[in-house]
Amino acid sequence: MIINTKYFGLIADITKKKEEQLQLEETLISVASLKSIMENNYPDLRKTSYSVAVNQALVGVETNLKEQDVIAFLPPFAGG
């Protein structure tokens, strides 16, 4: 399965990328599993609080991903 990831703010600093395309062996993967993969690839993510959006909508960790989904890793942000 191929998914597209985008990184913002502190997350982009950690990954040293703004986006990348991931080729995953799994055909069914949840956001929780993807977070685990990403935290193994980028250990500093474990020390960071972040949210995940799928196709521009914030989702929970139980959400399953589909081929060609766009996943955004969002740092904490404040409103005002």
Calculate for the chain the 222 nm mean residue ellipticity that helices alone would give, adding -39,500 (n - 2.57) per DSSP H run of length 4 or more and normalising by residue count, nearest 500 deg cm²/dmol.
-6000 deg cm²/dmol
Long-range amide H contacts for Ser51: which residues qualify at under 5 Å (H placed 1.01 Å from N, peptide plane, sequence gap of 5 or more or a different chain)?
Leu74
Among Asn41, Asn55, Asn64, the residue with the largest mean-square fluctuation in a Gaussian network model of the chain built from Cα contacts under 10 Å is Asn41
How high is the relative contact order of the chain, given as a whole-number percent (alpha carbon pairs under 8 Å, six or more residues apart)?
42
Most mobile listed residue (Val61, Val31, Val70) in the chain, GNM with C-alpha springs under 10 Å:
Val61
List the trypsin sites (Lys or Arg not before Pro) within region 1-67 that fall in a DSSP loop (any state other than H, G, I, E or B) and whose Cβ has at most 10 other Cβ atoms within 10 Å.
Lys16
With Cα atoms, 0 to 90° folded angle of helix 31-41 axis to the chain main axis
70
If the cut-off is a Cα-Cα distance under 17 Å, which lysines reach Lys18, setting aside same-chain residues fewer than 8 apart in sequence?
Lys6, Lys35
Give me the percent of the accessible area of the chain that comes from carbon and sulfur atoms, probe 1.4 Å, all protein chains in place.
52
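The values are calculated or read from the model by the stated rules, or taken from the named source; none is laboratory data. Being a predicted model, the structure only gives us computed values, none of them experimental. Cβ sites come from the backbone with ideal geometry, for glycine too, and all protein chains shown count toward neighbours. We work out accessible area using only protein heavy atoms, side chains counted, and drop any ligands, DNA or RNA first. Shrake-Rupley method; radii C 1.70, N 1.55, O 1.52, S 1.80 Å.
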